[in-house]
Amino acid sequence: MVVARSIALKAVNTASLWGLNRSRFGGLPKVQTVRALSTVMSPPSKAVVYEHHGPPDSVTRMIELPPVEGQENQVCVKMLAAPINPSDINRIEGVYPVRPQVPAVGGYEGVGEVYSVGSAVKGLSPGDLVIPSPPSSGTWQTYVVKDHDIWHKISKDSPIEYAATVTVNPLTAIRMLEDFTTLSAGDSIVQNGATCIVGQCVIQLARYRGIHSINIIRDRAGSDEVKERLKALGADEVFTESQLEVKNVKSLLSNIPEPALGLNCVGGHAASLVLKFLRQGGTMVTYGGMSKKPVTVSTSSFIFKDLSLRGFWLQKWLSADKAKECRDMVDYLLRLAQERKLKYEMELVPFDKFHSALEKALGKHGSQPKQVIKF
Ligand SMILES: NC(=O)c1ccc[n+]([C@@H]2O[C@H](COP(=O)([O-])OP(=O)(O)OC[C@H]3O[C@@H](n4cnc5c(N)ncnc54)[C@H](OP(=O)(O)O)[C@@H]3O)[C@@H](O)[C@H]2O)c1
């Protein structure tokens, strides 16, 4: 007990050098509330932190956080991998509506291995593979301590990089295919940003249900290769934006019905292209705004096509008492990944190279696969 207290004290002193309390970084308890019989201890943790909102490559830095003693109902997890998602970038920039209070550790999803458990924890043991589910902030660090019920134990056979990325994007793909229109085999959907992880999942999940996908990508060097890769995943049609500069985009479709559902993660002109494909009474769901340009809709789209515009936000869906459903879907998606029935492009990057990965995720080196940090 004396040892534990002295470590806790050391933790406070070291953290105070930064004017920080580690509890702010990863949901750790405030040291004053630590109970004498706590049994979970976290080793020092290397973390990517930000103390102010702003451009992620300027405001983030890697530091070592001191060891912390957790509570009896908490679990310390040694992180194995975590992605850099666009929403992580938005949180650091301070433009995401729900974000941790600064100073904060970055990251929102990831996978790790249980390192130690508090004495009151049941159902989790050292060595178990776990993900925070629903996702939770502070995954860009080597050791995370959180309440036991945050952690979802997954199959030890799950591929690590998929376990790290399964929640935010693949789950979004499933929900958008399920929640807005009733799609049957033989129907079609249209989407822009088809190269993103959500887009790659949409293609495959649609294909399993016999639904055709029409995909729009940005014009860029190597677009023929990209088209082939998306077709290998199951895409029926892939067009660059410039290919769609025609009077009637639907004339480009062969044997695919007009889509009832459109998915937009880009905005601007790319959103207008999705709208052009939609059939009478169709629905476009906006879930991202990668171009940072607004969605504009012609008056005639409303009057003559009666189109509907909707939005999807996973965080809102998760907060509607969907924790159990979320975990069931995560298990389902991980089984697909394990069987290689669901795949998407990722680049695994050692934690020490975090800032190179961040530059790629920020688009500073052109189009790049999803950057996944390996701890
Ligand atoms: N609403 C929700 O609940 C929810 C959930 C998950 C994801 N999202 C959103 O979904 C989108 C995709 O996320 P992700 O993690 O799947 O993406 P990702 O795999 O990291 O890929 C990024 C995508 O954005 C495209 N892109 C980047 N900069 C662009 C620009 N300036 N103009 C047009 N396209 C650009 C890239 O196209 P290239 O391949 O051509 O570079 C690529 O398709 C993001 O906006 C994210 O915030 C929303």
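The values are calculated or read from the model by the stated rules, or taken from the named source; none is laboratory data. In this text, all values refer to a predicted model and were calculated from it rather than measured experimentally. Glycine gets a Cβ as well: all are built from the backbone with ideal geometry, and neighbour counts include every protein chain shown.
Quick look at the numbers
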| item | result |
| --- | --- |
| Positions within segment 77-96 being touching a Pro at 6+ places or on another chain (Cβ under 7 Å) and within 18 Å of Lys353 (Cα to Cα), in sequence order | Ile89 |
| Subset of segment 86-141 that is free of Cβ contacts under 8 Å to residues at least 60 places away in the same chain and among the polar types (S, T, N, Q) - its residue that is surrounded by the fewest Cβ atoms within 10 Å (Cβ to Cβ) | Ser125 |
| Gly123, sole failed condition from (1) under 22 Å from Leu263 (Cβ atoms); (2) not assigned by TED's automatic domain parsing to the domain that holds Gly262 | (1) |
| Condition broken by Ala206, with the remaining ones in (1) in a loop (DSSP other than H, G, I, E, B); (2) more than 15 Å from the ligand (Cβ to nearest atom); (3) buried (at least 22 other Cβ atoms within 10 Å of the Cβ) satisfied | (1) |
| Cross-chain or 6+ apart pairs with Cβ under 6 Å, segment 292-310 first and over 18 Å from Glu258 (Cα atoms) and touching a residue at least 60 places away in the same chain (Cβ under 8 Å), then within 16 Å of the ligand (Cβ to nearest atom) and among the aliphatic types (A, V, I, L, M) | Arg310/Val285 |
| Pair list, Cβ < 6 Å and 6+ apart or interchain, from segment 253-278 residues that are over 19 Å from Thr195 (Cβ atoms) and touching a residue at least 24 places away in the same chain (Cβ under 8 Å) to residues that are more than 12 Å from the ligand (Cβ to nearest atom) and acidic (Asp, Glu) | Ile256/Asp236 |
| Residue in segment 232-241 that is farther than 23 Å from Asp187 by Cα, at pLDDT 95 or above, within 16 Å of the ligand (Cβ to nearest atom) and part of a loop (DSSP other than H, G, I, E, B) present | no |
| Residue in segment 293-308 that is assigned by TED's automatic domain parsing to the domain that holds Val198 and near the ligand (Cβ under 10 Å from one of its atoms) present | yes |
| Check on Asp321, within 23 Å of the chain's Cα centre (by Cα) and of a type in the set (D, E, K, R) | yes |
| Ala221 being small (Gly, Ala, Ser), more than 30 Å from Ala47 (Cβ to Cβ) and away from the ligand (no atom under 15 Å from the Cβ) | no |
| Any hit, segment 80-94, residues being assigned to a strand (DSSP E or B), farther than 29 Å from Gly289 by Cβ and either more than 16 Å from the ligand (Cβ to nearest atom) or modelled with pLDDT of 95 or more (or both) | yes |
| Tabulated pairs, segment 361-375, first touching a residue at least 40 places away in the same chain (Cβ under 8 Å), second more than 10 Å from the ligand (Cβ to nearest atom) and of a type outside the set (A, V, I, L, M, F, W, C), C-beta under 6 angstrom, 6+ apart or interchain | Gln371/Glu347; Val372/Glu161; Lys374/Pro350; Phe375/Thr142 |
| Filter result for Lys316 (within 10 Å of the ligand (Cβ to nearest atom) and at positive phi) | no |
| Ser254 vs. criteria on the phi < 0 side of the Ramachandran plot, among the polar types (S, T, N, Q), assigned to a loop (DSSP other than H, G, I, E, B) and more than 12 Å from the ligand (Cβ to nearest atom) | yes |
| Checking Met62 against (1) more than 20 Å from Leu358 (Cα to Cα); (2) away from the ligand (no atom under 16 Å from the Cβ); (3) not in a helix (DSSP H, G or I), the condition it does not meet | (1) |
| Wholly within segment 268-375, helices (runs of 4 or more DSSP H) carrying at least 2 residues that are surrounded by 14 or more Cβ atoms within 10 Å (Cβ to Cβ) | 268-277, 314-319, 323-338, 354-361 |
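Yes or no, residue by residue, for (1) within 14 Å of the ligand (Cβ to nearest atom); (2) farther than 22 Å from Val372 by Cα; (3) in a helix (DSSP H, G or I):
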position	(1), (2), (3)
Arg175	yes, yes, yes
Ser184	no, yes, no
Ile189	no, yes, no
Gln200	yes, no, yes
Gly210	no, yes, no
Asn215	yes, yes, no
Glu225	yes, yes, yes
